[in-house]
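Notes follow the structure.
The values are calculated or read from the model by the stated rules, or taken from the named source; none is laboratory data. None of the values given here were measured: they were computed from a predicted structure. Neighbour counts run over all protein chains shown; Cβ positions are idealised from the backbone, glycine included.
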Amino acid sequence: MVSTRVLIVDDDPIVRMGFRLLFRSIPELDIVGEAIDGSEVAGLLDTIPVDVVLMDIRMRHVNGIAAARSIRQRYPHLRIVLMSSLLNEEFAQHARNIGSTTFVPKTATTETLRKALLGTATERAATTSNLVSETESALMSLTARELSVARAVATGLSNESIARELHLSVNSVKTYVSRCLAKLGLENRVQLANEVRANDRDRLT
């Protein structure tokens, strides 16, 4: 099987590790590089073969929208998937204006991300009206780091395993899990795992 080569661009190391953990279940995707800012993307694209760039919109220096415009000029056929922890129609419109660029929220299901990265999703960015299920809307209250931990919980990993995978202390993992439970009005990690899995079930088609 020929894998689609993905470059992840996000300034949060835990989020990047969270995507690596998430994509283990998608054999068609191969993460070939990472960057922490839009300013680093061009240099990486000049040195490693990449099929699609998965890039956060909000970064400290060169944001994803500006970087996507620059990438599009130099690599007009490269797929770009912009993402954000905020569901914002303005972001989706920016993606449409750049051309051949898709916008997905960071709470998007594994299947939604897979389709976007493999290029099987609609080429133009989706609107907010068809991006969000009820469950996904609830998950939007989580920060990107909390969401990474919640997704790891949904895979069945223990706090100790999550700590190793995301390079966190066990106490930090416990804190993130507690925050997720409080924000979502849940009582335990089983309910949290079910909430994340329900998001995937809601958006498989």
### Task
Would you point out which residue out of Val9, Val41, Val32 is of a type in the set (Val, Ile, Thr), over 16 Å from the mean Cα position of the chain (by Cα) and modelled with pLDDT of 85 or more?
Val41
#### Entry: Tally, over the stretch 88-117, of residues that are modelled with pLDDT of 80 or more and part of a helix (DSSP H, G or I)
8
### Query
Cβ-Cβ below 9 Å, separation at least six or inter-chain, first residue in the stretch 176-192 and part of a helix (DSSP H, G or I), second exposed (fewer than 12 other Cβ atoms within 10 Å of the Cβ): which pairs?
Leu181/Glu187; Leu181/Asn188
### Inter-residue pairs, beta-carbon under 6 Å, first over 11 Å from Tyr176 (Cα atoms) and in the stretch 137-160, second among the basic types (Lys, Arg) and part of a helix (DSSP H, G or I), 6+ apart
Ser141/Lys183; Ala154/Arg197
### Query
What number of residues within the stretch 169-188 satisfy the criterion of being among the charged types (D, E, K, R) and either exposed (fewer than 14 other Cβ atoms within 10 Å of the Cβ) or modelled with pLDDT under 90 (or both)?
2
### Task
Go through the stretch 48-87 residue by residue and tally those that are over 18 Å from Glu34 (Cα atoms) and at pLDDT 90 or above.
0
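For the stretch 1-78, list the helices (runs of 4 or more DSSP H) that sit wholly inside it and hold at least 2 residues that are small (Gly, Ala, Ser), buried (at least 18 other Cβ atoms within 10 Å of the Cβ) and in contact (Cβ under 8 Å) with a residue 40 or more places away in the chain; which are they?
Once the helices (runs of 4 or more DSSP H) in the stretch 1-78 are filtered for at least 2 residues that are small (Gly, Ala, Ser), buried (at least 18 other Cβ atoms within 10 Å of the Cβ) and in contact (Cβ under 8 Å) with a residue 40 or more places away in the chain, what remains is 64-74.
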